[in-house]
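Notes follow the structure.
The values are calculated or read from the model by the stated rules, or taken from the named source; none is laboratory data. Please read all numbers here as calculations on a predicted model, not as lab measurements. As a convention, Cβ positions derive from the backbone with ideal geometry for all residues, glycine included, and neighbour counts pool all protein chains shown. Remember, those area values only see protein heavy atoms, side chains included, never the ligands or the DNA or RNA. Shrake-Rupley method; radii C 1.70, N 1.55, O 1.52, S 1.80 Å.
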Amino acid sequence: MSTAAAYAVTSPDGRFEKTTIQRRDLLPHDVLIDVRYAGICHSDIHTARNEWHGTRYPCVPGHEIAGIVAAVGSAVTRFQVGDRVGVGVMVDSCGRCEFCLAGEEQFCANGNTMTYNGTVPEELQAGGYTLGGYSSQVVVTEHFVVSIPDSLGLDVAAPLLCAGITLYSPLRHWNAGPGKQVAVVGMGGLGHVGVKIAAAMGAEVTVLSQSLSKQEDGLRFGAQHYYATSDRKTFRELRNRFDLIVNTVSADLPINNYMRLLKTDGTLVILGLPDGDLSVAPFTLTNYRRSLSGSTIGSIAETQEMLNFCAEHNIGAEIETISADRIDEAYERVVASDVRYRFVIDAGSF
Ligand code: NAP
Ligand code: ZN
């Protein structure tokens, strides 16, 4: 075992404190990564505050990790010391089920291992659960490590490891592209990257935000239209407009109002994960044969494809870089939708 500096919370309403954690000795396929930047995803907040229940403490969140390879295990072939790499939401999966064999580790039938708060044998991580990227070093099996193209800064690339792939995967799956009307609901960490990616794919993009306060930014990120959902006229004007709506909102929404904005055969994809239930009026589905679906991150191959796409289209996250002693403050600002558009922790401050 080696040690790493980290920031952890010890209870749902606790503050982040500096601590020292253990990382396993390298197994043949392991990669040791010096973390340079760790993005703050709203899922980190849901978990740290036990909003999804089942959080184990001390909890070290962080699944938007960008860094440099510091050492490799004896059987590693894809990475060398000094490589620029990223780690996202998963660090392992069974590798044997039909989904893993098809390269869709995010759907692993036996449950993939999350980068933090995921169950692992005690010999892999003291305590029996994973600790994430708010730390100076991580050890990850090579299949779950991706390469960050040289043209992307590690800081603006870090959020792509979760926010980027979470939007890229459904936008690809539901064929966002020329001739398609795509709406992005909520322009926070996920949403702003979604606007950039959907626009780069060639779709006509509309942002549905609570207010018009970020309109200028949305248009700069590539949206053609920007509407405030606090204005009731928005829902009348945009009725039956969209082929695809991706909902990134972290709180409960009146989902029927959004379903009615879909045209025939349109799909609303849930990405945001508040703890509550959805209530859908059957007529909003039967009328116009609309679909309601969801999506969770993307596969490892797709994550690499997304990073290459972002490099090609010069897409990085819009970030505010902070030191680790400001994590609590950053969480408050994310919850208040006061983030433009992703906080990234400088790992030099761990
Ligand atoms: P975020 O930066 O906080 O963005 C969420 C946005 O939702 C806010 O910026 C705000 O956008 C809007 N919003 C917040 N509260 C709202 C409310 N009460 N009513 C209406 N709109 C509201 O969060 P994020 O990191 O993008 O994550 C968003 C959600 O996705 C979280 O629940 C997270 O856990 C989940 N997530 C899911 C996956 C997946 O694989 N499915 C992956 C990562 C994260 P405006 O200011 O523009 O209105
Ligand atoms: Zn995330």
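Counting pairs of alpha carbon atoms under 8 Å apart in space and at least six apart in sequence, what relative contact order in percent does the stretch 305-350 give?
Across the stretch 305-350, relative contact order equals 48 percent.
What does the charge count around residue 98 come to, taking other residues whose C-beta lies under 15 Å from its C-beta (Lys +1, Arg +1, Asp -1, Glu -1)?
Its environment carries a net charge of -1.
Determine, from the Cβ-Cβ distance of residue 107 and residue 320 and an R0 of 35 Å, the FRET efficiency 1/(1 + (r/R0)^6), rounded to the nearest 0.05.
So, using R0 = 35 Å, E works out to roughly 0.60.
For the pair residue 265 and residue 26, what calculated FRET efficiency results from E = 1/(1 + (r/R0)^6), where r is the Cβ-Cβ distance and R0 = 45 Å, to the nearest 0.05?
Efficiency at R0 = 45 Å is approximately 0.35.
Please sort by residue number the chymotrypsin sites (Phe, Trp or Tyr not before Pro) in the stretch 1-99 whose DSSP state is loop and whose Cβ has at most 13 other Cβ atoms within 10 Å.
52
Using the 2.2 N^0.38 Å rule of thumb for compact globular proteins, work out how the stretch 163-294 stacks up: its C-alpha Rg over that value, please.
For the stretch 163-294, the normalised Cα radius of gyration comes out at 0.94.
Quick check: Cα centre of the stretch 74-118 to Cα centre of the stretch 157-174, how many Å?
Rounded to whole Å, the Cα centres lie 16 Å apart.
May I have the convex hull volume per residue, in Å³, for the Cα set of the chain?
128 Å³
Ignoring ligands, DNA and RNA, please state the percent of accessible area on the stretch 163-294 from carbon and sulfur, probe 1.4 Å.
Percent of accessible area from carbon and sulfur atoms in the stretch 163-294: 47.
Could you state, as a whole-number percent, how many of the C-alpha pairs of the stretch 90-166 are farther apart than 16 Å?
For the stretch 90-166, the fraction of Cα-Cα distances above 16 Å is 58 percent.
Name the lysines eligible as straight-distance cross-link partners of residue 180: C-alpha to C-alpha under 22 Å, and not fewer than 8 places from it in the same chain.
Straight-distance partners of residue 180: 196, 263.
Using a 1.4 Å probe, what is the accessible area per residue for the chain, in Å²?
Heavy-atom SASA per residue in the chain reads 42 Å².
Using label points projected 7 Å from each Cα along Cα→Cβ, tell me how many nm separate residue 228 and residue 288, to one decimal.
2.4 nm
What does the charge count near residue 144 come to, summing +1 for each Lys or Arg and -1 for each Asp or Glu among other residues with Cβ under 9 Å from its Cβ?
The answer is -3.
Looking at the square roots a ≥ b ≥ c of the eigenvalues of the Cα gyration tensor of the stretch 288-329, which shape do they give, rounded for a/c under 1.5, prolate if a/b is larger than b/c, or oblate?
oblate
What does the C-alpha gyration tensor say about the overall shape of the stretch 248-312? Classify as rounded when a/c is under 1.5, otherwise prolate if a/b is larger than b/c, or oblate.
prolate
So what are the ³J(HN,Hα) numbers for the stretch 126-135, from phi and the Karplus equation (6.51, -1.76, 1.60; θ = phi - 60°), rounded to whole Hz, Gly and Pro as x?
Each residue of the stretch 126-135 in turn: 3, x, x, 8, 6, 10, x, x, 6, 7 Hz.
Could you please put 341, 227 in sequence from largest to smallest accessible area, using a 1.4 Å probe?
227, 341
Using Cα pairs under 8 angstrom and six or more residues apart, how large is the relative contact order of the stretch 163-294, in percent?
RCO, the stretch 163-294: 21 percent.
When the Karplus curve 6.51 cos²θ - 1.76 cosθ + 1.60 is applied with θ = phi - 60°, which whole-Hz ³J(HN,Hα) does each residue of the stretch 242-258 get, with x for Gly and Pro?
Computed from phi, the couplings for the stretch 242-258 are 9, 7, 8, 10, 10, 9, 9, 6, 7, 10, 5, 10, x, 5, 4, 4, 7 Hz.
Considering only C-alpha atoms, what is the centroid distance from the stretch 206-244 to the stretch 292-329, in Å?
The two parts, judged by their Cα centres, are 22 Å apart.
Considering the dipole of the stretch 199-339 built from charges on the beta carbon (Lys and Arg +1, Asp and Glu -1) around the Cα centre, which of 323, 262, 245 is farthest to its positive end?
262
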